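The values are calculated or read from the model by the stated rules, or taken from the named source; none is laboratory data. If you're wondering where the values come from, they're calculated on a predicted model, not measured in any experiment. Every residue, glycine among them, receives a Cβ derived from its backbone with ideal geometry; neighbour counts consider all protein chains shown. SASA here: full protein model, heavy atoms, side chains in, ligands and nucleic acids out. Shrake-Rupley method; radii C 1.70, N 1.55, O 1.52, S 1.80 Å.
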Amino acid sequence: MTELASGKGPLIRMEKVDALRDYVREHKPKGLVPKVMSEQEAIRRFVTEGCYLGVELYGSVRCPMSLVREVVRQGIGKLELAGQGVLENDLLIAAGLVDKLDITYHGYEVFGISPVLRRACESGRVQTVEWSNAALAWRFKAAAMGLPFLPVRSMLGTDTFRYSAAKEIECPFTGQKLCALPALALDVGLIHVHRCDEYGNCQIDGISGFAAEMARASKRLIVSAEEIVPHAEIQRYPERTVIPYFIVDAVVHAPGGSLPGEMPYAYWRDEAHMKLYFDMAKDADGVERYVEEWVRGTKDHAEFVDKLGGEARLAELRAQATKR
Amino acid sequence: MADYNKSELLICTAARQMEDGAICFIGTGVPMLAAALAKRTHAPGLVAAFEFGGIGPSLEKLPLAVGGSRTFHRSPVASSICDLMEAAARGYVEYGFLGGAQIDPYGNLNATVIGEHDRPKVRFPGSGGANDIGSLCWKTIAIMRHGKQRFVPKVDFLTTAGYLDGPGARERAGLPAGSGPYRVVSDMGLLGYDAENCRMKLLALQPGVSLEQVQAETGFELQVADDLQENPPPSDEELRLLREEIDPDHLYT
C-alpha cells in the first residue's frame with residue numbers, strides 16, 4: 001500500500017496489536033470477578049502519572065465527572081488525554097495535569113470557547129494533535145478491532161489532517177485516496193453508565209456515544225455507574241450489555257456521577273453550577289479557586305454532591321430529567 | 001412588520017433551507033433552533049441528526065448539547081457516533097450545518113486556530129464533527145455572521161473542507177464525488193457557489209441590505225447571481241414560534 005502524505009502531528013502513542021493481545025491475555029480475568037471499589041481505590045490503582053487517558057461521553061452529558069474529580073484530587077499529572085472536552089478535560093487541564101491532547105472539540109458548547117484551553121494552547125503549555133470527532137471514535141474502533149489502523153474518508157484535504165498523525169494512503173483494491181487513522185489504545189478509559197453489575201456488565205440508556213469503542217480500546221477500564229444492579233438483572237436482558245464484564249477493571253458506584261452534567265432520563269444538568277464554573281474559568285485564578293473549593297475541597301463524590309445541595313438538589317434535577 | 005434581531009434572522013433563513021424528509025446534521029446553537037423551527041413550519045418530516053447518535057428527535061425541547069437527551073427525545077433511533085458517521089459515509093445524510101470563525105471563497109472553514117498551530121494567537125474549539133460533516137454529507141450549509149474578519153480570502157487553518165482550492169479538488173483529495181458546500185446563510189445575505197468555478201456567489205440579500213454593503217463586509221470579491229433576490233423578513237408566525245415555543249428562555253436569541 002502506498003503512503004501518499006503524512007500528517008505532521010506527533011503520534012502520541014502506538015501500541016503493537018500483538019502486545020495488546022498479550023496484555024489482555026495476561027491481565028484481564030475472563031471469569032466473573034467482583035470489581036466494585038471506591039473511587040479513590042480505582043483511580044489510585046489504575047490511573048498513573050503520564051498515562052494515556054480517555055473520558056466518555058463528554059463533560060455535560062453522561063460523563064464520569066466524579067472519577068475525573070478524583071484524578072484531580074490525587075493530582076495525577078503529565079497525562080496524555082484523548083477525546084471530547086467540555087467540563088472534564090477542562091478540569092484536568094485547569095489543574096495542570098495534562099501535557100498532550102488528542103483534540104477534536106474542546107469548548108463550552110452554547111457558552112462558547114474555553115478560556116482554559118485558550119490559556120493552555122496559546123502559552124504552549126499543552127500540545128494538541130488535531131482530529132475530527134468521527135476520527136477519534138474510529139481510532140478507538142480500530143484498536144477495538146485489534147487492528148493498527150482503519151481507512152476512512154474524513155479529514156482528507158484539510159489542515160485538520162496536516163496537523164494530525166494520520167496518513168493518506170492509496171486503496172490496494174480501487175486505487176482511491178483514503179485517510180488511514182492510527183489505532184488509539186488508551187492506558188485508561190473512564191466511562192459513566194446508567195447501571196452495571198458487580199462484575200462490570202454495563203447498560204446505557206439513550207445514545208451510546210463512543211462508549212462501546214472506547215471501552216474496547218482501553219487497556220484498563222474504570223466504569224462508574226448510577227446504580228449497581230444484581231447480576232440476575234443483567235442476565236434478564238443480556239442484549240443490553242454494551243460493555244461486557246471482561247474488559248472492565250473497576251466498578252465504582254456513583255449516583256449523580258455525571259454532575260454537573262446531565263444523565264439521560266435520570267437527571268437534568270445543574271445549569272447554575274455549570275454557569276458558576278464557566279464564570280470562574282474566565283481567568284486562571286478563578287478556575288484555580290474553583291478547583292480548590294469544589295474538587296480538592298471536597299473529600300469525595302458524596303461530599304461534592306452534598307456541597308451542591310445534596311439529596312434535595314439531586315431530587316430537583318431528577319424531576320427535570322428528560323422523560324421517555 | 002415585526003422587529004427582529006440578527007440571530008432571529010439567521011435562524012429563520014437557515015430554517016427555510018431545510019428540506020422535509022431529509023436527514024440533516026445539526027450542531028449546537030443556530031442550527032438547533034432552525035431545525036426546531038423548520039419542523040414546526042414547512043418541514044415536519046425533517047430528520048435532525050446529532051453527531052453522537054440522536055437521529056430524528058421531536059425537538060419539542062431545545063437541546064443544549066449535541067449529545068444531550070433532547071437530541072434523541074422520542075427518536076426512532078438513539079445510536080452512536082460511529083453508526084451515524086458511517087451512515088453519512090454511505091451517503092444517507094443530505095445536509096450538514098456548519099459554523100466557524102472564518103470562511104473562504106471556496107467554503108473552507110476554520111474552527112481551530114488563528115495564527116501558528118503550535119503557538120496560536122487564538123485557540124478555538126477545533127473540528128469536532130465539522131470535518132466529518134463537511135467531508136461526508138452531500139451538501140453543507142454554513143451559518144456565519146458577516147464581516148471581513150470572518151469572510152476571508154484564505155482561512156488561517158483549514159479545519160473543514162469546502163471546495164478546497166477549486167473545481168475537482170475535493171474529488172482529487174479523496175472526498176466523496178458530488179459532495180460539497182451548498183449555501184452560506186449570513187445576516188446580510190444568502191449565498192451559494194458558482195457551478196463552474198466553485199466560488200461563493202451572492203444569491204439573495206437580507207431585508208434592507210444593499211449589494212455594496214455585503215461586498216464591503218466580505219474580504220474577497222463576491223460573484224453575484226443574475227437574478228439577485230431579496231429574502232423575505234421573518235414572518236410574525238416564525239417569530240412567535242421562536243420566542244414563545246422554541247426558545248422561550250432566550251438562551252440563544
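When B:V66, B:V47, B:V30 are screened for being within 14 Å of another protein chain (Cβ to nearest Cβ), farther than 17 Å from B:S127 by Cβ and of a type in the set (V, I, T), only B:V30 passes. Exactly one residue among A:V116, A:V98 is closer than 22 Å to A:V295 by Cα, within 11 Å of another protein chain (Cβ to nearest Cβ) and aliphatic (A, V, I, L, M), and that residue is A:V116. Residues in the range A:270-299 that are open to solvent by less than 10 Å² (accessible area, probe 1.4 Å) and of a type in the set (D, E, K, R): A:D270 only. Quick check, is A:G206 under 21 Å from A:R62 (Cβ atoms) and open to solvent by 20 Å² or more (accessible area, probe 1.4 Å)? Yes, satisfied. Restricting B:G208, B:G219, B:G189 to those that are open to solvent by 50 Å² or more (accessible area, probe 1.4 Å) and out of contact with any Asp or Glu (no Cβ under 8 Å at 6 or more places or on another chain) reduces the list to B:G208.
When A:A211, A:A312, A:A272, A:A281 are checked against the criterion of being closer than 21 Å to A:C196 by Cα and either aliphatic (A, V, I, L, M) or modelled with pLDDT of 95 or more (or both), A:A211 stands alone in meeting it. Residue count for the range A:152-202 satisfying the condition of being more than 10 Å from every other protein chain (Cβ to nearest Cβ), over 26 Å from A:C51 (Cβ atoms), out of contact with any helix residue (DSSP H, G or I) (no Cβ under 9 Å at 6 or more places or on another chain) and not in a loop (DSSP other than H, G, I, E, B): 1.
So which residues in the range B:156-178 are closer than 26 Å to B:L9 by Cβ and either open to solvent by 10 Å² or more (accessible area, probe 1.4 Å) or within 8 Å of chain A (Cβ to nearest Cβ) (or both)? Across the range B:156-178, the qualifying residues are B:T159, B:T160. Pick from A:G54, A:G96, A:G83, A:G59: which is among the small types (G, A, S) and open to solvent by 10 Å² or more (accessible area, probe 1.4 Å)? After ruling out the rest, the residue left standing is A:G96.
Does B:A65 satisfy the criteria of being touching a strand residue (DSSP E or B) at 6+ places or on another chain (Cβ under 7 Å) and modelled with pLDDT under 95? Reasoning before the result, please.
Numbers: touching a strand residue (DSSP E or B) at 6+ places or on another chain (Cβ under 7 Å): yes; modelled with pLDDT under 95: yes.
The answer is yes for B:A65.
Against the list (1) in contact with a Pro (Cβ under 8 Å, 6 or more places away or on another chain); (2) acidic (D, E); (3) facing chain A (nearest Cβ under 8 Å), the condition B:D118 fails is (1). Scanning the range A:28-50 for residues that are among the charged types (D, E, K, R), open to solvent by less than 60 Å² (accessible area, probe 1.4 Å) and part of a helix (DSSP H, G or I) turns up just one, A:E39. As for the range A:237-259, it holds at least one residue that is within 14 Å of chain B (Cβ to nearest Cβ) and open to solvent by 30 Å² or more (accessible area, probe 1.4 Å). Screening A:R25 with (1) surrounded by fewer than 17 Cβ atoms within 10 Å (Cβ to Cβ); (2) of a type in the set (K, R); (3) at positive phi gives one miss only, at (3). Just one of the listed residues (B:S75, B:S7) is at pLDDT below 95 and either hydroxyl-bearing (S, T, Y) or touching a strand residue (DSSP E or B) at 6+ places or on another chain (Cβ under 6 Å) (or both), and it is B:S7. Here A:A143 fits the description: open to solvent by 10 Å² or more (accessible area, probe 1.4 Å) and either aliphatic (A, V, I, L, M) or farther than 26 Å from B:G100 by Cα (or both).
For the list (1) within 10 Å of chain A (Cβ to nearest Cβ); (2) without any contact (Cβ under 8 Å) to a residue 24 or more places away in the chain; (3) of a type in the set (G, A, S); (4) open to solvent by 10 Å² or more (accessible area, probe 1.4 Å), I need the number of the one condition that B:S58 fails. Unmet for B:S58, out of (1) within 10 Å of chain A (Cβ to nearest Cβ); (2) without any contact (Cβ under 8 Å) to a residue 24 or more places away in the chain; (3) of a type in the set (G, A, S); (4) open to solvent by 10 Å² or more (accessible area, probe 1.4 Å): (1).
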